[in-house]
Structure formats: C-alpha cells, structure tokens
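One structure is given below, encoded as structure tokens.
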Amino acid sequence: MPSRWNAPGLTRRQLVAVGVLGSAAVAVGCKSRGHGDWEFFTEEQASTLTAICDQIVPADEFPSASEAGVLTFIDRQLVRHFRRYRSAYLEGLERVDALSRRRFGRELAGLSSSQQLEVVSAIEQQDRTFFELVRNHTLDGYYGPPRHGGNRDAVSWRMLGLEEPQVLGRAQDNPRKGSPS
C-alpha cells in the first residue's frame, strides 16, 4: 500500500538516496563557501592579511606572524570575540588591495616584500584605524596563548625566554612541597 509520504514514482530506496545526496550537497556547500581552511576569510582576503601581518612581524631567526599562526588566531576570533570587527576587516582589506592595484597593478599578496612594505606603510599613514586594528590583533595572536590559534608552539614565549605559563584552573602536575596531595 503506497504511503502518502512517498513522492510519486519514487521507491523508498530512491527517496532515501535523494535525501542523502541532498544532505551531502548542503554539507559540502556549507564548507566550500570560498573560505577553504578559514572560518571567516576567503583565500584572497587571508592572503592579503598574511602580507600585512608579515610586514608587522617579519621572519628573522624566529617565525613571521603567519608562520606563528596569527592568521588562524584572527580568523577564529572574527567568528567569536572579534565579531564587531568583521566589516572593518572586510572593508580595510579591500582598501589595501585597491591601493596596491593603483600603485603596482596587483593585489598586495602578489607583490615583492619591499612593495608590500610600501603599501602597508601607506596604509599605516592613510588608514590609521584599520592599521592599528590589524597591528593590535597581530600582536595579540603572536604573543597570546597558543590555545587561541596564534603563537604556534609558544614560539614568541621561547623567543622571549619565557616558560609557557600554566593555564589557570588546570590541575598542577607538580604539587608544591609540603602541600597535601
């Protein structure tokens, strides 16, 4: 006896298959919104921000900002605690690439390091609010706790000769002498 829930002309197996394919399409569509590995940024926006952050904290004997996970930190925070800065980032990154195209005919990520520095220096002068926002978040990500996505492998703390601080609220591995166990 046919059920009133079956679509006309479809067997139950076909209906289930269509449902599974539809769910898979939705799941793939949600992940591939052009963001790649990023929660907020597109690949192009992440490339532009990488160039800016790496001019703020360039590589030397220690990793650059992007190598230390600063982009991951900023990206994660923009979908969490930094939500109020989303439009500032989107608009600011577009202004940076527009300036880069006017000066050099390409987006910031496609320029040489010296050309990137020239554009980032211009942004620092012309768009101080955006530059300071990115600089502050870059430094937060570079020197902050690794659990937030930046300071990968506690690289900045090692650079400063600091031991990784214990996270408050976690059990002590080595209780103090004389304290009850």
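Could you please let me know if residue 75 is part of a helix (DSSP H, G or I), under 12 Å from the mean Cα position of the chain (by Cα) and either acidic (Asp, Glu) or over 26 Å from residue 147 (Cβ atoms) (or both)? Please lay out each step first, then the result.
Working: part of a helix (DSSP H, G or I): yes; under 12 Å from the mean Cα position of the chain (by Cα): yes; either acidic (Asp, Glu) or over 26 Å from residue 147 (Cβ atoms) (or both): yes.
Considered against the rule, which asks whether it is part of a helix (DSSP H, G or I), under 12 Å from the mean Cα position of the chain (by Cα) and either acidic (Asp, Glu) or over 26 Å from residue 147 (Cβ atoms) (or both), residue 75 comes out as yes.
Give segment 116-155 a look and list any residue that's in a helix (DSSP H, G or I) and small (Gly, Ala, Ser), or say none. Show your work before the answer.
Residues of segment 116-155 that are in a helix (DSSP H, G or I), as a first pass: 116-126, 128-143, 146-148, 152-155.
Result: 121, 122, 141, 154.
Residue count for segment 114-134 under the criterion of being of a type in the set (Ser, Thr, Tyr) and over 10 Å from residue 52 (Cα atoms): the result is 2. Within segment 100-115, the residues that satisfy the criterion of being assigned to a helix (DSSP H, G or I) and either closer than 13 Å to residue 44 by Cα or out of contact with any helix residue (DSSP H, G or I) (no Cβ under 6 Å at 6 or more places or on another chain) (or both) are 101, 102, 103, 108, 109, 110, 113, 114.
Residues checked against (1) in contact with a strand residue (DSSP E or B) (Cβ under 6 Å, 6 or more places away or on another chain); (2) closer than 30 Å to residue 160 by Cβ; (3) crowded, with 19+ Cβ neighbours inside 10 Å; (4) at pLDDT below 95:
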position: 5; (1), (2), (3), (4): no, no, no, yes
position: 8; (1), (2), (3), (4): no, no, no, yes
position: 11; (1), (2), (3), (4): no, no, no, yes
position: 16; (1), (2), (3), (4): no, no, no, yes
position: 21; (1), (2), (3), (4): no, no, no, yes
position: 29; (1), (2), (3), (4): no, no, no, yes
position: 37; (1), (2), (3), (4): no, yes, no, yes
position: 48; (1), (2), (3), (4): no, yes, yes, no
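Restricting attention to segment 58-74, the residues being in contact with a helix residue (DSSP H, G or I) (Cβ under 7 Å, 6 or more places away or on another chain) and either of a type outside the set (Val, Ile, Thr) or closer than 18 Å to residue 125 by Cα (or both) number 9.
The values are calculated or read from the model by the stated rules, or taken from the named source; none is laboratory data. Bear in mind the structure is a predicted one, so any value in this text is a computation, not a measurement. Ideal geometry is used to build each Cβ from the backbone, glycine not excepted, and the neighbour counts take in all protein chains shown.
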